[in-house]
Structure formats: structure tokens, C-alpha cells
Amino acid sequence: MASHSLIAPGLEGVVAATTRLSHVDGEAGELTIAGFPVGELAANATFEEATWLLWHGELPTDSVLETFRADLAAHRDLPRATLDILRECARARVDSMDALRIALGTVSLVSTDAVAIVALSPMIVAAYARLLEGKAPIPPRGDLGHAANYLYMLSGVEPDAERARALETYLITVIDHGLNASTFTCRVIISTGSDLVSAVVGAVGALKGPLHGGAPGPALETVFEIGEASRAERVLRAKIEAGERLMGFGHRVYKVRDPRADVLAAAAERLFTRAGDMGLYTLARHVERTALGLLEEYKPDRRLKTNVEFYTALLLHGLGLDVPLFTPTFAISRVSGWIAHALEQRAASRLIRPKSEYVGPRGRRWPKHAAAASER
């Protein structure tokens, strides 16, 4: 029998792969993506550049980038069968992540290519959001970038450069994050020799879980519940004393402030400043400071700091996205990272097959009366 000391529940601390894609340093609060600090990449790259970087290890030249953008734009038309399925999902009012999971599998009708998966993912999310509202999906525009076209397809209004850049900053910030649950799922599936669509669909299923990608909304709901700065301490203290978790604080890996929170906080500040209404942003910053002080008071040993969820919610709300769109929007970014990991795992050509330790009963014998009955 295997020794219990060799078991790592949840595979915590187990190194299952080598990667050139991203590195998470939870103690230092650093995230490196393909060699770049996350803030450096998010401040300068387009989403298309970040995707190419992850897939190929180097930034594209201008001509290669132009071709890649055109290739993505050329794959934006949803198959008729996909739209029919999304209409059925809307009639049933299924969850937006379920709709993405169901519809994404239909990409195989036209392609199992990486470019098609990345191009069609935001088309599915935007089309479904409109169908849920009883509106017709908006055809994509080939002259807009990946982020801008997504915003356009949600509203029918071409976003200004500041809004498009705010979303692009978010998409780049969350494009990859080590060997998290959904990324590991993707790598396991592709390691069996399966295709990219299957691997990405499996990853979407993992991301849907609230312990992984499904919790940005509640962080903003707490800010709205507080309403005004004078209520922050009273409301937050009551939540902590009632044993409630403060959403937007604490992370499985980061023991200090999540570096993605700083990137998105700066992006949110620019967005709200441009809009000329700093009320919600100012309130959110006050709620954050109050929450951090109370968490230090009540749980000094837990090292609960601001995570990516807090400013994800604020930024996406500022862009006009409703809460049900938060996690699907996360997914349309992470698709590029999942595919990068799938390509890396495919190149490794190694089946992921961990062991388990059996702890069930042994030495059982089939009951004699059951054996006799089976002979009759």
C-alpha cells in the first residue's frame, strides 16, 4: 500500500508540468506571462499580440500581426447550427457558462483550429447575451479588434478607444495564470490525444465552478450593498462576525496582494475618470481599504489581500457588462491561454495519468445466495 505521506490532496504542491507560458509567485505577489510582468504586458500589448506571444513564444512582427488579426476576423461568423442551439438555450434560460460550453462544441462543425476557437468564443457569448434579452445577435465587424468587436456585438455601438482599451487590459491580465484547475483540465484532455475543441470545452466546464472562475459578481454586490462610505465598516464588520467570506479578498496562491488587482485598479480608474463619474470607483477603493483593515484585525494569520475578482467586477461593470457576463468574459480571454497550454502539452506527447490510493474494503466474497440466484 502506498504511504499516506505521498498523497497531496487536490495535487497541492505537485509539479505536473514544465511551462514557458506563465509563472505565479504567490509569496512575492508576481505574475510573469511569457517573460513579461503582467503589468508590462497588459499596458502595452493588444489581445492579439498577447495570444500570439503565448502560442509562439515571441511577439509577432507588424506583418504577422496584421495577418493574424485578419485571420481571426475571418473566422467570426457563427454557424447556423450554433445560433439555433443558442436560441434553444435562451428559451430554457440556461446559465451563460452552460450556453458557452454547449455552443462551443459546435465549433467542430467548421474547424478544430485554434484561431477559430478564439475567434468564435466571444461571438457565442455576445450572441447569447442578446438572445437572453430578446434581441437579435449583431453580426461581427471585421474592421474591429478582438476586444472592440466583442463590445460592439453586445451593444451595437462601436466602443471608443478608451473602453476598448479597458477591456483589452482585462483580457490580457487574465489570459493565463499557471496550472489552475481549468488549465490543468485542458492539458489532461489534450494529453489523451483529443482535439483542441474538446480540451477547451472541458476547461470551460471547470471554469464555471464558483471556486475557480465564478465569483467576480459578489464582490461588486457587496460594494452596492454598502452604498456609501460611512456604512462600510459597519456592514463589513457584521459580515465577518457572521462568518461570511468577503468576496474579492484572499487567494489560494497569492499570500500578498494579487498583482492583477493593481493592473485592473489602474484600468478602472482611467475608465471611470474618462466617464466623468468617480463615485462608484471612490466607494470601491474605500470599501477595499476598510475590508483590508478589518481582515487584518480579525484574521491576522490568514494574509487575506485584494484579489483579481474585486477590480474585475468594477471594471466590467464600468464597461456596461451585467454580472452574468463576468465569467464568460473571463473565459473568452482564458481560451487563448488554454490553447497555449494544450499546444505545449501536445508537444510534450505525454499522457497525464496520476495514481490514486485505494482506501476501500478488501477481501470481499460474493454472497452464496446471490450466486445461486444468478444460476437460476
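Under 5 Å from the amide H of residue 256 lie the amide H atoms of 29, each residue being 5 or more positions distant or on a separate chain, with H modelled from the backbone and absent for Pro and chain starts. With a ≥ b ≥ c taken as the square roots of the eigenvalues of the C-alpha gyration tensor of the range 1-132, please select rounded if a/c is under 1.5 and otherwise prolate if a/b is larger than b/c or oblate if it is not? Oblate, since a/c reaches 1.5 and b/c is not below a/b. Prolate is the label for the range 259-376, because a/c, from the alpha-carbon gyration tensor with a ≥ b ≥ c as root eigenvalues, is 1.5 or above and a/b exceeds b/c. Counting other Cβ atoms within 10 Å as a rough exposure proxy, the listed residues 111, 349 run 349, 111 from fewest neighbours to most. Counting only C-alpha contacts under 8 Å and six or more residues apart, can you give the relative contact order of the chain as a whole percent? Value for the chain: 23 percent. Farthest towards the positive end of the charge dipole of the chain, among the residues 52, 264, 338, is the Cα of 338, using unit charges on the Cβ of Lys, Arg, Asp and Glu. Using just the helices of the chain, give the 222 nm mean residue ellipticity in deg cm²/dmol: DSSP H runs with n ≥ 4 each add -39,500 (n - 2.57), and the total is spread over all residues, rounded to 500. Result for the chain, helices only: -18000 deg cm²/dmol.
Close amide H pairs (under 5 Å, H built 1.01 Å from N) link residue 251 with 305, residues at least 5 positions away or on another chain. Ranked by the mean number of other Cβ atoms within 10 Å of their residues, highest first, the peptides 351-363, 95-107 come out as 95-107, 351-363. Compute the relative contact order of the range 107-233 as a whole-number percentage, counting only Cα pairs closer than 8 Å that sit 6 or more residues apart in sequence. Computed over the range 107-233, the figure is 17 percent. The separation of the range 334-369 from the range 41-115, counted between C-alpha centres, amounts to 29 Å.
Take 40-49, 161-170, 288-297 and order them by the average number of nearby Cβ atoms within 10 Å per residue, most first; the result is 161-170, 40-49, 288-297.
Taking the Cβ of each residue in 208, 299, 239 as the centre, tally the other Cβ atoms inside 10 Å and list the residues starting with the fewest.
Details: 208 20, 299 14, 239 17.
Arranged by neighbour count, lowest to highest, 208, 299, 239 become 299, 239, 208.
Positive-end ranking of 18, 161, 276 along the dipole of the chain, with charges on Cβ about the Cα centre, is headed by 18.
Just want the ordering: 230, 333, from fewest to most Cβ atoms lying within 10 Å of their own Cβ.
Working: 230 9, 333 26.
Going from least to most buried by this count: 230, 333.
State, as an integer percentage, the relative contact order of the range 216-318 based on alpha-carbon contacts under 8 Å between residues 6 or more apart. Intermediate results must be reported in sequence, preceding the final value.
Values: 119 pairs, mean separation 48.1, N = 103.
Rounded, it is 47 percent for the range 216-318.
Among the trypsin sites (Lys or Arg not before Pro) in the range 1-93, those located in a DSSP loop and surrounded by at most 12 other Cβ atoms within 10 Å of their own Cβ are 20, 93.
Only one of the values (1) 1.04; (2) 1.09; (3) 0.96 was calculated from this structure for Cα Rg over 2.2 N^0.38 Å; name its label. The value computed from this structure is option (2).
Going down the table (208/239; 208/255; 239/355; 208/305), which pairs top 30 Å between alpha carbons? Intermediate results must be reported in sequence, preceding the final value.
Numbers: 208/239 25 Å; 208/255 24 Å; 239/355 41 Å; 208/305 23 Å.
The answer is 239/355.
Pull out a ≥ b ≥ c, the square roots of the eigenvalues of the alpha-carbon gyration tensor of the range 216-318, then state rounded if a/c is under 1.5, prolate if not and a/b is larger than b/c, and oblate in the remaining case. Oblate is the answer for the range 216-318, as a/c is 1.5 or above yet b/c matches or exceeds a/b.
How large is the charge dipole for the range 216-318, taken about the Cα centre, if only the Cβ atoms of Lys, Arg (+1) and Asp, Glu (-1) carry charge, to the nearest 20 debye?
Values: 17 positive and 15 negative charges, 66 e Å.
Here the size comes out at about 320 debye.
What you get for the chain, charging only the Cβ of Lys and Arg (+1) and of Asp and Glu (-1), is a dipole of about 1740 debye around the Cα centre.
Values in this text are rule-based calculations from the coordinates and carry no lab data. Just so it is clear, the structure is predicted and the values come from calculations on it, not from any experiment. Here Cβ is always computed from backbone atoms with ideal geometry, including for glycine, and neighbour counts include all displayed protein chains.
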